[in-house]
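> I'd like to ask some things about the structure below.
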Amino acid sequence: MNGECILETRGLVKQFNEFVAVNGVSLRVERGSIHALIGPNGAGKTTVFNLLTRFIPVTRGEIRFRGEDITGARPADIARRGMVRSFQVSAVFPALTAVENIRVALQRKLGTSFHFWRTERSLEALDARAVELLAEVGLAEHSDTVTVELPYGRKRALELATTLALDPEVMLLDEPTQGMGHEDVGRVVALIRRVAQGRTVLMVEHNLSVVQDLADRVTVLARGQVLAEGSYGEVSKDPAVLEAYIGAPA
Amino acid sequence: MSRLRSLEALGWGVLVAVGIVAPFVVYPVFAMNVLCLALFASAFNLLLGYTGLLSFGHAAFLGAGAYVTGLAAKTWGLPTELAVLSGTAVATALGAIFGSLAIRRSGIYFAMITLGFAQLVYFLVVQMSWTGGEDGLQGIPRGKALGLFPLDQQLTMYYFVFTAFLGAFFVIHRAIHSPFGHVLRAVRENEPRALSLGYDVDRYKLVAFVLSAALAGLAGSLKAVVLQFASLSDVHWHRSGEVVLMTLLGGMGTVVGPSVGALIVVALENYLTDVGSWVTVITGAVFVVCVLSFRRGIVGEVRALVARSFTGAGRKRSSSSPSSSG
Ligand SMILES: Nc1ncnc2c1ncn2[C@@H]1O[C@H](COP(=O)(O)OP(=O)(O)O)[C@@H](O)[C@H]1O
Ligand SMILES: [Mg+2]
């Protein structure tokens with residue numbers, strides 16, 4: 001590791017009643033890298049994302065983003081600081097059109113989001129940028145389609161475009177290729193590679209060939225603990241990792 | 001799209017025209033009652049239909065508006081407009097207090113907390129002396145509009161209420177179609193996603209709640225002036241339930257649906273008074289049949305029908321570009 005660390009956790013613990021879902025996880029994500037978090041189902045990957053974005057409170061430990069302690073920050077604040085997450089199941093606004101989905105993300109920086117007396121037309125200024133973002137993920141033709149009508153792969157692409165609309169410094173992607181057909185996976189991998197330029201990506205991914213393709217660094221999680229860390233080549237040969245995957249297949 | 005727009009504008013024109021001639025067709029007091037409850041239901045719908053929050057305590061705001069307006073007009077002798085504003089202001093303040101405590105919970109817990117607060121208000125109204133207890137607050141003077149036009153004239157009173165209704169209705173319409181309304185829809189559609197995009201979801205819900213409480217309070221204030229009394233039925237939980245019924249019947253999440261629902265419920269209650277307590281049974285039956293046969297409510301179904309006939313399959317909101325499915 002030579003780059004600067006942008007996101008770091010120290011001894012992160014999350015306990016649900018008796019059950020310890022995340023048990024002393026220390027992560028260092030390097031600025032500008034694509035970092036994969038892998039591990040069997042139930043390892044605690046999504047929980048780590050929930051902790052990083054403050055969706056659930058931390059039991060013990062510390063989270064630092066760009067050197068600042070964000071362990072007690074508000075979830076909405078995390079996004080404003082430049083770290084935006086996606087969800088394991090596609091997170092779109094189903095009854096809104098594709099372009100309206102993007103506008104939700106774009107309108108925040110106008111600073112008029114509490115203005116209930118202002119007309120919606122004031123948002124039309126954002127449409128050009130929204131259409132641009134849609135084009136970037138191959139959805140230009142679908143800008144006026146109500147999102148619920150889009151096939152699953154396209155919904156995930158739309159979700160990514162919405163995240164990009166905030167121009168985040170760090171993107172947290174939770175299983176971006178889950179439930180996708182082969183073609184869609186290829187498209188999303190290419191897309192992630194492209195949008196990762198100049199950003200940091202921390203992603204949970206089950207598809208190991210995607211991880212191999214994309215990740216600069218891999219952390220393996222099992223039963224809430226870090227089992228191994230290194231390049232894909234290194235961790236894929238680690239006997240402990242092999243055992244965890246065979247012992248509890250994903 | 002533009003055809004759909006002009007159809008919408010036509011719809012608005014018809015509604016305003018109906019509102020203007022209504023007092024010549026039906027009893028003005030009946031029409032005013034409908035307007036007040038239509039406003040109440042529309043305020044409620046801002047929360048249920050556009051924010052996704054089911055409040056089961058909106059009677060508190062209607063009732064607070066009614067009682068405070070009565071107090072201001074009768075005891076303090078304030079001019080009608082100021083009395084109505086006082087009622088609205090108190091309902092707004094209550095909304096801010098209840099809202100900030102209830103908003104942290106969602107679903108059934110949110111509904112129960114709002115119900116609990118409303119019961120608290122009911123209890124206070126029963127206990128305090130100035131409210132008249134079981135008898136209600138009676139003999140509220142209507143006063144004069146702008147200090148000039150006596151509101152004892154039914155028609156003057158009607159247009160006073162109608163003007164306030166239009167103003168409030170415009171506020172609701174505007175709020176729904178504002179940057180704020182856009183965020184509300186996002187919150188309703190997918191709250192965690194809105195949060196992850198950096199929206200402080202609770203604050204948006206709170207503003208919607210306070211806005212809704214304020215308008216519900218205005219409805220109660222107007223009602224007190226029209227009927228010249230405020231009664232326990234305005235703060236009773238029956239009212240909180242009735243407004244859910246009106247909204248679902250007319251179509252939640254549609255702009256005019258709640259008003260249509262209010263019209264139907266008030267009409268049923270008025271024209272079925274002969275059958276006594278069977279009113280409740282009949283309204284209940286109508287409600288069940290409606291919800292079973294058209295889940296989107298009356299206006300919701302009509303709108304879906306119109307949209308479908310305009311855009312073929314009704315899938316796309318505009319016909320700007322042909323879609324190639326992939
Ligand atoms: N809110 C919760 N309450 C109780 N247990 C939870 C909660 N969220 C996750 N868990 C448990 O924590 C463990 C890790 O879950 P998760 O982080 O979703 O795993 P994954 O690595 O598959 O994403 C699982 O055993 C899950 O059942
Ligand atoms: Mg998971």
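No lab work stands behind these numbers, since they all come straight from the coordinates. As the structure is a computational prediction, the values presented were derived from the model and not from experiment. Here Cβ is always computed from backbone atoms with ideal geometry, including for glycine, and neighbour counts include all displayed protein chains.
> Using only the Cα atoms of chain B, what semi-axes does the equivalent ellipsoid have when each is the square root of 5 times a gyration tensor eigenvalue? Give whole Å, largest first.
They are 33, 24, 19 Å, listed largest first.
> Which whole-number percentage describes the relative contact order of region B:26-236, with Cα contacts under 8 Å and a sequence gap of 6 or more?
So the answer I get is 45 percent.
> For Cα pairs less than 8 Å apart in space and 6+ apart in sequence, what is the mean separation divided by the residue count of region A:92-165, i.e. the relative contact order in percent?
Relative contact order, region A:92-165: 50 percent.
> With a 10 Å Cβ neighbour count serving as the proxy for reagent exposure, in which order, fewest first, do B:HIS177, B:HIS182 appear?
By the 10 Å Cβ count, ascending, the order reads B:HIS177, B:HIS182.
> Below 8 Å between Cα atoms, with a sequence gap of 6+, how large is the relative contact order for chain A in percent?
Contact order relative to length: 28 percent.
> Could you state the per residue volume, in Å³, of the convex hull enclosing the Cα atoms of chain A?
136
> What ranking do B:TYR109, B:TYR67 get, fewest neighbouring Cβ atoms within 10 angstrom at the top?
B:TYR109, B:TYR67
> What is the angle, in °, between the Cα long axis of helix B:179-189 and the longest principal axis of the Cα atoms in chain B? Nearest 10 is fine, range 0 to 90.
On a 0 to 90 degree scale, this one is about 70.
> If you take the charge dipole of region A:106-250 about its Cα centre, with +1 on Lys and Arg Cβ and -1 on Asp and Glu Cβ, which of A:HIS182, A:GLY198, A:GLN212 is farthest toward its positive end?
A:GLY198
> Just to confirm the number: angle between the C-alpha axis of helix B:237-250 and the first principal axis of chain B, 0 to 90 degrees, nearest 10?
Tilt relative to chain B: about 40 degrees.
> Related question: Which value, in debye to the nearest 20, describes the size of the charge dipole of region A:49-117 about its Cα centre when Lys and Arg Cβ atoms bear +1, Asp and Glu Cβ atoms bear -1, and nothing else is charged?
Taking the Cα centre of region A:49-117 as origin, the dipole is about 100 debye.
> Going by alpha carbons, how many degrees (0 to 90, nearest 10) lie between the helix axis of B:80-102 and the longest principal axis of chain B?
So the helix axis and the longest Cα principal axis differ by about 60 degrees.
> Mind pulling the per residue volume of the convex hull built on the Cα atoms of region A:92-165? Å³ is fine.
80
> Then there is this: According to the Cα gyration tensor, what semi-axes, each the square root of 5 times an eigenvalue, does the equivalent ellipsoid of the protein assembly as shown have, listed from largest to smallest in whole Å?
53, 27, 20
> Suppose R0 equals 41 Å; then what is the FRET efficiency for B:LEU120 and A:ARG60 from their Cβ-Cβ distance, rounded to the nearest 0.05?
That pair, B:LEU120 with A:ARG60, gives E of 0.55.
> If you take the beta carbon distance between B:PHE149 and B:HIS238 as r and set R0 to 41 Å, what does 1/(1 + (r/R0)^6) give as a FRET efficiency, to the nearest 0.05?
Computed FRET efficiency for B:PHE149 and B:HIS238: 0.75.
> Here is a follow-up. What are the aspartates and glutamates whose alpha-carbon lies under 13 Å from the alpha-carbon of A:LYS109, with same-chain residues fewer than 8 places away excluded?
In chain and number order, the partners are A:ASP167.
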